[in-house]
Amino acid sequence: MPSLKDLKNRIESVKSTRKITKAMQMVAAAKLRRAQESAEASRPYAERFNAVMAGLAASVGGSDSAPKLLRGTGSDQVHLLVVMTAERGLCGGFNSNIAKLARQKAEELTAQGKTVKVLTVGKKGRDALKRDMGDMFVGHVDLSEVKRLGYANAQDIAKDILARFDGGEFDVATIFYAKFQNVVTQIPTAQQIIPASFEETEGGDDSGAIFDYEPSEEAILADLLPKGVATAIFSALLENGASEQGARMSAMDNATRNAGEMIDKLTIQFNRSRQAVITNELIEIISGAEAL
């Protein structure tokens with residue numbers, strides 16, 4: 001049974017931990033608002049951009065004149081998985097859920113006889129996957145020094161991926177990130193970016209209208225598809241940013257409440273132990289007095 005001193009030290013330790021988790025919760029709540037606004041503001045542009053690109057891609061079809069980013073290499077043997085996670089932990093299952101989805105995809109592709117390569121964005125994803133998939137790593141993007149993510153960061157990642165695609169290092173590229181829904185819900189998502197895949201949104205591209213493009217659809221796609229890769233990556237980074245803060249806020253809130261419950265239990269245990277010590281001392285005094 002722990003002594004009174006041990007219990008008192010433990011109570012003080014848990015109180016200090018509660019102060020830290022409460023402060024982290026407040027910081028995450030402050031950062032969440034800005035991150036959520038950025039993520040939600042990017043969605044209309046990304047959705048409209050994809051709708052226009054879907055219309056262009058549909059008109060081009062699978063013709064030989066279509067850009068390579070649209071038609072692909074003609075093979076799907078080598079897959080590049082771009083796993084995008086946070087640089088820091090203490091955010092619940094945010095990082096592990098993304099890594100789990102990427103691991104499942106890699107196992108599925110490997111079972112089909114495909115070659116898998118992994119590019120990590122964020123330290124936590126690399127740490128989570130390096131034990132099982134370390135031999136598949138081909139690169140890492142460190143964003144730990146970036147205070148606020150911008151489109152330039154997405155462009156740098158997109159340039160690296162496009163250079164690898166032009167160099168024939170892979171056939172299919174898929175990004176993994178968490179889509180922000182609310183503070184308690186972040187949905188791990190896999191999105192193919194090469195070859196470009198667009199879902200036609202109902203009425204999203206002025207359905208029924210006829211467009212005449214100048215220059216040709218192929219020329220426009222050749223110019224816009226690299227920007228589409230960067231846009232998809234930027235949207236994923238923003239969604240990840242909001243998801244990370246939401247997950248951290250929720251995790252720190254749970255930790256703060258758990259610390260409070262532990263303090264209450266330890267306090268009760270401390271009071272009972274102190275009461276037992278006082279009772280024993282009184283018994284010894286009474287016994288001594290009676291002996292006299």
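The values are calculated or read from the model by the stated rules, or taken from the named source; none is laboratory data. Here the structure is a predicted model, which is why all the values come from computation and not from measurement. Backbone-built Cβ (ideal geometry, glycine too); neighbour counts: all protein chains shown. What goes into the accessible areas is simple: the full protein's heavy atoms, side chains included, and nothing from ligands, DNA or RNA. Shrake-Rupley method; radii C 1.70, N 1.55, O 1.52, S 1.80 Å.
Measuring nothing but protein heavy atoms, the accessible surface of region 1-134 at 1.4 Å probe radius is 50 percent carbon and sulfur.
Between rounded, prolate and oblate, where does the chain land on the alpha carbon gyration tensor, with a ≥ b ≥ c its root eigenvalues, rounded for a/c under 1.5, else prolate if a/b exceeds b/c? Note, shape of the chain comes out prolate. The value obtained for region 1-93, namely the Cα convex hull volume divided by the number of residues, is 168 Å³ per residue.
Shape of region 8-159 from the C-alpha gyration tensor: oblate (a/c of 1.5 or more and a/b not above b/c, with a ≥ b ≥ c the square roots of its eigenvalues). Along the charge dipole of region 1-149, which of F49, P67, A86 sits closest to the positive end, that is, farthest toward it, with unit charges on the beta carbon of Lys, Arg, Asp and Glu (+1, +1, -1, -1)? The residue sitting farthest along the positive end of the dipole is A86. Rounded to the nearest 10 degrees, the angle from helix 94-111 to the longest Cα principal axis of the chain is 50 degrees.
Rounded to the nearest 10 degrees, the angle from helix 151-166 to the longest Cα principal axis of the chain is 60 degrees.
Placing +1 on each Lys and Arg Cβ and -1 on each Asp and Glu Cβ, with no other charges, gives region 16-75 a dipole about its Cα centre of roughly 580 debye.
Of all stretches in the chain that contain no trypsin sites (Lys or Arg not before Pro) in a DSSP loop with at most 13 other Cβ atoms within 10 Å, the longest one is 149-292. A prolate overall shape is assigned to region 102-143, the ratio a/c of its alpha-carbon gyration tensor axes (a ≥ b ≥ c) being 1.5 or greater and a/b exceeding b/c. Helix content alone sets the calculated 222 nm mean residue ellipticity of the chain: runs of n ≥ 4 DSSP H residues at -39500 (n - 2.57) each, divided across all residues, give -22500 deg cm²/dmol.
Probing with 1.4 Å while keeping every protein chain in the model, the per residue accessible area of the chain equals 56 Å².
Rounded to the nearest 5, the antiparallel percentage of DSSP beta bridges internal to the chain is 35%.
Over all pairs of different C-alpha atoms in region 46-136, the reciprocal of the mean inverse distance, the Kirkwood hydrodynamic radius, equals 15.4 Å. Derived scalar couplings between HN and Hα for region 134-140 equal x, 6, 8, 5, 10, x, 8 Hz in order, rounded to whole Hz, by the Karplus curve 6.51 cos²θ - 1.76 cosθ + 1.60 (θ = phi - 60°), x for Gly and Pro.
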